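The structure appears right after this line, and notes come after that.
Please treat every number below as a calculation from the coordinates, not as lab data. Please read all numbers here as calculations on a predicted model, not as lab measurements. Ideal geometry is used to build each Cβ from the backbone, glycine not excepted, and the neighbour counts take in all protein chains shown.
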Amino acid sequence: MILIHCPYCDEKRAELEFAYAGEAHIARPLDPSALSDEEWETYLFIRNNPRGRHHERWRHAHGCGRFFNAVRDTVTDKFETTYKAGEPRK
Amino acid sequence: MTRFSALSLFTKALGGHQSWPEQWPDAAPKPAYDAIIVGGGGHGLGAAYYLAKKYGITNVAVIEKGWIGGGNTGRNTTIIRSNYLYDESAHLYDHAVKLWDGLSQELNYNTMYSKRGVMMLAHNVHDVQSFKRHIHANRLNGVDNEWLTPEEAKAYCPPLNISPDARHPVLGAALQRRGGTARHDTVAWGYARAAAALGVDIIQNCAVTGIRRGADGAIEGVETTRGYIASKRVGVSAAGNTSVIMQMAGLDFPLESYPLQALVSEPIKPVFPCVVMSNTVHAYMSQSDKGELVIGAGTDQYVSYSQRGALHIVEHTLAAICEIFPIFRRMRMLRTWGGIVDVTPDRSPILGKTPVQGLYVNCGWGTGGFKATPGAGDLLAYTMAKDEPHRINAPFNLDRFRNGRLIDEAAAAAVAH
């Protein structure tokens, strides 16, 4: 089981306390009705899925309950850093 | 290649089985091929075999970064079934089951396909209604599936606990009698041997590092760790690594790769006659011919290429198994492992052409690709030979994520897949 540092609680806790919430920094369209089918496809379905550095969202579900972002290597599962939601991409 | 027969076995036995030739040669890459398959698992080797066998395209290379069948082909739980809800899926998976039927004879290689039946347990009213809906939908599509009462389920699988006091009582079950298991390695080996006999080059330890496209955008060939190989037709059948390969061609795919774990127990005498799945408690199990209980766990929650998962996933699965089969509470588990599965947003595969001319894809089988091995190989070969999809795989195109014609088996199959 991986250990995850919650940037709000400032503690390293077991993965069981957290819920994965997919790729990070996917912005919801500001004007959804103006989007083309292609843009909807990209927003809803296309994912980076890299072999290596991955930006992702986690939620400290059984802790503070807040969403935050993380950078993790998908080959080693090692976390590079975690940071609060709203902070710029690392 | 020596054909396997009672006579050849007998003759070789006289010599202490010392004179068997290699099953297929370990080929080195040639500068160019008529077609290249990326990924030497069951699906890719199957595609190469059918390209050579059905469409006469024998100047084909299968390139594999590791060894034949060392990826998900050797890591799955070998379940075969076709009881999917939607028409498109039922046709796709049943096409594969029909091919499984004659595969050992066709390949002259024993795939050990055993129609021992796949039984899905219903634990609550929702399960009962949903499974009955599946049964009716399946029968309309010519796929066998039948409803069993708890007593009938117990008769079919004696270790089952059907006590009404159980934490998850068994209210009935859906049984597909044609479903079952096969020996996963032999499927890869059988296809490799049969394809090589028809002239296909099987190249191991050869990872794709780039995809070369011409000025018109069409495929020209692939860069590999063993040099450049030219081909106008490239079929990618790389499971969890599909996104990585597709990005080499400049394509972003609707895929996410997750670890999926499985485990086996110590071997015991035959006790478990069929495959049992329980979507509600997230468990499924069968017994291999070696005697090990083969248990499938769920996926880990995060994207990963590490081919290993967390222990709590395994614990969760074993807790469910012990609840439904109390007789296995004192069993010891021998091994656990993980494979990387590529999951699409609608949990249905993508099998067809891509926006790049000459590049074809077979991916997105997620947690349930083994059952489809012969069908996926056959349909990828058709699509590559004709440059258009077969009517069975036509709905499983990439465009569905743009036009919204999803095949949403995620909801239909509930959990296990």
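Given C-alpha coordinates of chain B, what is the ratio Rg to Rh with the Kirkwood estimate of Rh?
Numbers: Rg = 21.4 Å, Rh = 22.0 Å.
In chain B, Rg relative to Rh is 0.97.
In the distance distribution for segment B:49-164, Cα-Cα pairs more than 22 Å apart total 53 percent. I'd like the distance separating the alpha-carbon centroids of segment A:23-90 and segment B:316-343, in whole Å. If we compute the Cα centre of each part, the gap is 31 Å.
With one equal scatterer per alpha carbon and no solvent term, the Debye-computed log10 I(q)/I(0) for chain A at 0.12, 0.21, 0.22 1/Å reads -0.41, -1.01, -1.07. Ordering A:ASN69, A:HIS25, A:ILE46 by Cα displacement along the dipole of segment A:1-70 toward the positive end leaves A:ASN69 in first place; charges were set at the Cβ atoms of Lys, Arg (+1) and Asp, Glu (-1).
What whole-number volume per residue, in cubic angstrom, does the convex hull of the C-alpha atoms of the protein assembly as shown give?
Working: hull volume 86.4 nm³, N = 507.
Cα convex hull per residue, to the nearest whole number: 170 Å³.
Scattering from the C-alpha atoms of segment B:143-289 alone, worked out with Debye: what is log10 I(q)/I(0) at q = 0.11, 0.20 1/Å? Results for segment B:143-289 at q = 0.11, 0.20 Å⁻¹ read -0.73, -1.29. With contacts taken as Cα pairs under 8 Å and at least 6 residues apart, segment A:3-84 reaches a relative contact order of 31 percent.
When only Cα pairs under 8 Å and 6 or more residues apart are kept, what is the percent relative contact order across segment B:238-385?
27
Counting only lysines at least 8 places from B:LYS12 when in the same chain, those with an alpha carbon closer than 26 Å to its own are B:LYS290.
Relative to its residue count, segment B:1-55 spans a Cα convex hull of 119 Å³ per residue. Other residues lying with their Cβ under 12 Å from the Cβ of B:ARG332 contribute a combined charge of +1, Lys and Arg counting +1, Asp and Glu -1.
Alpha carbon centre of segment B:15-50 versus segment B:209-225: separation in Å? With segment B:15-50 and segment B:209-225 each reduced to a Cα centre, they are spaced 23 Å.
Excluding B:LEU359 itself, what net charge comes from residues whose Cβ is under 9 Å from its Cβ, given Lys and Arg +1 and Asp and Glu -1?
On the way: positive: B:ARG213, B:ARG233, B:LYS353; negative: none.
Taking every other residue near B:LEU359 into account, the sum is +3.
Across segment B:184-256, the mean sequence separation of Cα contacts (distance under 8 Å, 6 or more residues apart), normalised by length, yields a relative contact order of 20 percent.
May I ask for the net charge around B:LEU251, where only other residues with Cβ less than 15 Å from the Cβ of B:LEU251 are counted and Lys, Arg are +1 while Asp, Glu are -1? That works out to 0. When only the Cβ of Lys, Arg, Asp and Glu is charged (+1, +1, -1, -1), the dipole of segment B:1-153 relative to its Cα centre reaches about 300 debye. Simple rule: put +1 on each Lys or Arg Cβ and -1 on each Asp or Glu Cβ in chain B, find the dipole, and look at B:ALA196, B:ALA230, B:VAL361; the Cα lying farthest toward the positive end is B:ALA196. Positive-end ranking of B:ALA27, B:ALA262, A:LEU35 along the dipole of the protein assembly as shown, with charges on Cβ about the Cα centre, is headed by B:ALA27.
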